[in-house]
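Colleague: Before I ask anything, let me first share the structure, which is written out below as C-alpha cells.
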Amino acid sequence: MRIFIDTEFTEHANPDLISIGMVAAEGGQIFYAERTDYRYESCSSFVRDEILPLLGREPGARCTAAELSHRLYEWFRALPQGLTVVYDFETDRNLLEASFLGPLPSNLSGYELVDHKIFRHSAYKLGEVLTYSAEWPPHHALADAQALREGYLRWEAAVEGREWRQPIVPGSSF
C-alpha cells in the first residue's frame, strides 16, 4: 500500500515540522496533525503569510511533538504490512522519520520519491485542479498530500494507458 505525504515546516535550512498530512492510495485513510510546539521564531515570512493562516481548520489536529509521535504509531499500526511512503521533497521524508521519536514502524517497508517531471504531465495537473479549492488550498499539508495522490494516480493511469480523466479512486476527494 502506498501512503502519500506532505509536510509544512518552519524554514529550509533547519526545518521544524509544523503540520503533516498523509493519505493512502487505496482506501483513502487520512492522517493529519499540526504541532503546537514548533519553533515559531524560525518561520520564514512565506510560512507566516501562507502556511500559518491555514492551520486550525481540522478539529483535534493540534498536538505536541510527543503526541504526534504517538498518533503516528497508532495510525501506522492500523495499516497493513508493506507500506511505501510516496513523497515529492526529501524534507517530507526526513520530518516524518524524525516525528516518530523512536524506531520506524515495522510495516513501513520503503519510500518512493516522485520524479518532478511527472508534475508537468496533464494527468497530474488535473489531479491538482480537482483537489485544490478555496477550502483546501495549496500549502495545507493535507490538501497537498491529497493533490500528490490524485495527480500521481492519474499520471500512473495515463502512463499505463488507462482512463485518467474520470475518478481514479472512489471517495478520493475531500
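Colleague: Considering segment 34-64 alone, what residues qualify as being touching a Ser or Thr at 6+ places or on another chain (Cβ under 7 Å) and hydrophobic (A, V, I, L, M, F, W, C)?
Modeller: Of everything in segment 34-64, those that are touching a Ser or Thr at 6+ places or on another chain (Cβ under 7 Å) and hydrophobic (A, V, I, L, M, F, W, C) turn out to be Cys43, Val47, Leu55, Cys63.
Colleague: Looking at (1) assigned to a loop (DSSP other than H, G, I, E, B); (2) farther than 26 Å from Leu153 by Cα, which one does Glu41 not meet, given that it meets all the others?
Modeller: Going through (1) assigned to a loop (DSSP other than H, G, I, E, B); (2) farther than 26 Å from Leu153 by Cα one by one, Glu41 breaks only (1).
Colleague: Considering only segment 152-164, I want to know if a residue exists there that is without any contact (Cβ under 8 Å) to a residue 24 or more places away in the chain, surrounded by 15 or more Cβ atoms within 10 Å (Cβ to Cβ) and farther than 29 Å from Thr64 by Cβ.
Modeller: Yes, there is a match, as at least one residue in segment 152-164 is without any contact (Cβ under 8 Å) to a residue 24 or more places away in the chain, surrounded by 15 or more Cβ atoms within 10 Å (Cβ to Cβ) and farther than 29 Å from Thr64 by Cβ.
Colleague: Sticking with this structure for a sec: Any residue in segment 120-127 that is closer than 23 Å to Ile18 by Cβ, surrounded by 14 or more Cβ atoms within 10 Å (Cβ to Cβ) and not aliphatic (A, V, I, L, M)?
Modeller: no
Colleague: Suppose we filter Ile30, Ile51 for residues that are buried (at least 19 other Cβ atoms within 10 Å of the Cβ), among the β-branched types (Val, Ile, Thr) and either touching a helix residue (DSSP H, G or I) at 6+ places or on another chain (Cβ under 8 Å) or at negative phi (or both); which single one remains? Before the answer, list the steps.
Modeller: On the way: Ile30 fails: buried (at least 19 other Cβ atoms within 10 Å of the Cβ).
Sole residue among the options that is buried (at least 19 other Cβ atoms within 10 Å of the Cβ), among the β-branched types (Val, Ile, Thr) and either touching a helix residue (DSSP H, G or I) at 6+ places or on another chain (Cβ under 8 Å) or at negative phi (or both): Ile51.
Colleague: May I pose another question? Name the pairs: first residue in segment 127-140 and without any contact (Cβ under 8 Å) to a residue 60 or more places away in the chain and in a loop (DSSP other than H, G, I, E, B), second residue of a type outside the set (Phe, Trp, Tyr) and buried (at least 18 other Cβ atoms within 10 Å of the Cβ), Cβ to Cβ under 8 Å, at least 6 apart or on different chains?
Modeller: So the pair list comes out as Tyr132/Ala143; Tyr132/Ala147; Trp136/Leu142; Trp136/Ala143; Trp136/Gln146; Pro138/Asp144; Pro138/Ala147.
Colleague: Looking at Leu130, Leu148, Leu95, Leu108, which one is among the hydrophobic types (A, V, I, L, M, F, W, C), over 23 Å from Phe9 (Cα atoms) and crowded, with 17+ Cβ neighbours inside 10 Å?
Modeller: Numbers: Leu148 fails: over 23 Å from Phe9 (Cα atoms); Leu95 fails: over 23 Å from Phe9 (Cα atoms); Leu108 fails: over 23 Å from Phe9 (Cα atoms).
Within the list Leu130, Leu148, Leu95, Leu108, the selection yields Leu130.
Colleague: Could I ask something else about it? Output the number of the condition that Lys117 fails; it satisfies all remaining conditions of (1) loosely packed, with under 13 Cβ neighbours inside 10 Å; (2) modelled with pLDDT of 95 or more; (3) part of a helix (DSSP H, G or I).
Modeller: All conditions are met except number (2).
Colleague: Any residue in segment 96-107 that is in a helix (DSSP H, G or I), of a type in the set (A, V, I, L, M, F, W, C) and more than 17 Å from Ile20 (Cβ to Cβ)? Please lay out each step first, then the result.
Modeller: Taking segment 96-107 as the starting set, the residues that turn out to be in a helix (DSSP H, G or I) are 96-99.
Remaining after also requiring of a type in the set (A, V, I, L, M, F, W, C): 96, 98.
With more than 17 Å from Ile20 (Cβ to Cβ) added as a condition, the list becomes none.
No: segment 96-107 contains no residue that is in a helix (DSSP H, G or I), of a type in the set (A, V, I, L, M, F, W, C) and more than 17 Å from Ile20 (Cβ to Cβ).
Colleague: Something else now. Filter segment 1-27 for residues that are among the aliphatic types (A, V, I, L, M) and outside any loop (DSSP other than H, G, I, E, B); which is surrounded by the most Cβ atoms within 10 Å (Cβ to Cβ)?
Modeller: In the first step, residues of segment 1-27 are kept if they are among the aliphatic types (A, V, I, L, M); the result is 1, 3, 5, 13, 17-18, 20, 22-25.
From the residues that got through so far, the ones that are outside any loop (DSSP other than H, G, I, E, B) too are 3, 5, 17-18, 20, 22-24.
Numbers: Ile3: 25, Ile5: 24, Leu17: 25, Ile18: 25, Ile20: 26, Met22: 28, Val23: 26, Ala24: 18.
Checking each candidate, the answer is Met22.
The values are calculated or read from the model by the stated rules, or taken from the named source; none is laboratory data. Small disclaimer: the values here were computed from a predicted structure and weren't measured. When we count neighbours, we look across all protein chains shown, and the Cβ atoms used for this are built from the backbone with ideal geometry, even at glycine.
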